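Here is the structure we will look at, set down as structure tokens.
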Amino acid sequence: MATILPVPAGAHAWTDRDGALDLDGFAHGLFAADAVSREKAVLVRQRFVAAARQGWISTDGSQADIFLVRFAAPTGAESMYKSMAHTWQTSSTPHKQTFADPADHATGSVISTLDNLGNAGVKLISVRNNLFVYIHYFTAATPDRSGAQNLLHRQRDAVDK
């Protein structure tokens, strides 16, 4: 599997969620419970191979959740990317803004609605050959788009090494 970012110095890992994932573990980790069966069938058609997950809470209170998903061919990663980007772009969820990041071949979603811990979030997805990259970056009260993009850049750099 490609290199997933390590937990930064001083941060606390989400040890119950980190590591290598098979199809079932990945589907349950990323998708809502009522969508898992459907998404697993799609992932099989896209030729899912394996996934890895890394998450942490940083000393500044920000949180990161990263998935790297390997497919047998680039078409699988592209298919997952296009499907998720389309869902984000056509969703009618309030307080959510979708944006394109052509320089990084990425799509993002800014979620300003606070979760039960008072965090807002930014999600970013991207593709690198047969690898789908998913980043969810949480920060207190206000979404941090530049922080999420920085995390995506660091993850993509790690993949490219």
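The values are calculated or read from the model by the stated rules, or taken from the named source; none is laboratory data. All of these numbers come straight from a predicted model, not from anything done at the bench. Positions of Cβ are generated from backbone atoms using ideal geometry, with glycine treated the same way; all protein chains shown enter the neighbour counts. To get the accessible areas, we keep the full protein, side chains included, count just its heavy atoms, and leave off ligands, DNA and RNA. Shrake-Rupley method; radii C 1.70, N 1.55, O 1.52, S 1.80 Å.
Working from label points 7 Å from Cα in the Cα-to-Cβ sense, the Ala33 to Arg47 distance is 3.5 nm. Segment 126-148 and segment 1-36 have Cα centres lying 14 Å from one another. Put a dot 7 Å past the Cα of Leu117, heading toward its Cβ, do the same for Gln89, and the two dots end up 3.1 nm apart. Ignoring aspartates and glutamates fewer than eight residues from Lys96 along the same chain, the ones with Cα atoms less than 14 angstrom from its Cα are Asp115, Asp144.
Estimated from helices alone, the mean residue ellipticity of the chain at 222 nm is -10000 deg cm²/dmol (sum of -39500 (n - 2.57) over DSSP H runs with n ≥ 4, per residue).
Kirkwood Rh and Cα-based Rg: tell me the resulting Rg over Rh for segment 106-161, rounded to two decimals. Present the calculation step by step, with values, prior to reporting the outcome.
Details: Rg = 12.0 Å, Rh = 11.6 Å.
Using Cα coordinates only, the ratio equals 1.03.
The lysines whose alpha-carbon is closer than 28 Å to the alpha-carbon of Lys161, local same-chain residues fewer than 8 away aside, are Lys82, Lys123. For P(r) over Cα pairs in 5 Å bins from 0, in percent, the candidate list reads (1) 1, 8, 14, 16, 14, 12, 10, 9, 8, 5, 2, 1, 0; (2) 2, 9, 17, 21, 18, 12, 8, 6, 3, 2, 1, 0, 0, 0; (3) 2, 9, 18, 23, 23, 17, 8, 1, 0; the entry that matches the value derived from this model is (3).
Tally up the carbon and sulfur contribution to the accessible surface of the chain as a whole percent, 1.4 Å probe, everything protein left in place.
On the way: 4180 of 8060 Å².
So the carbon and sulfur contribution to the accessible surface is 52 percent.
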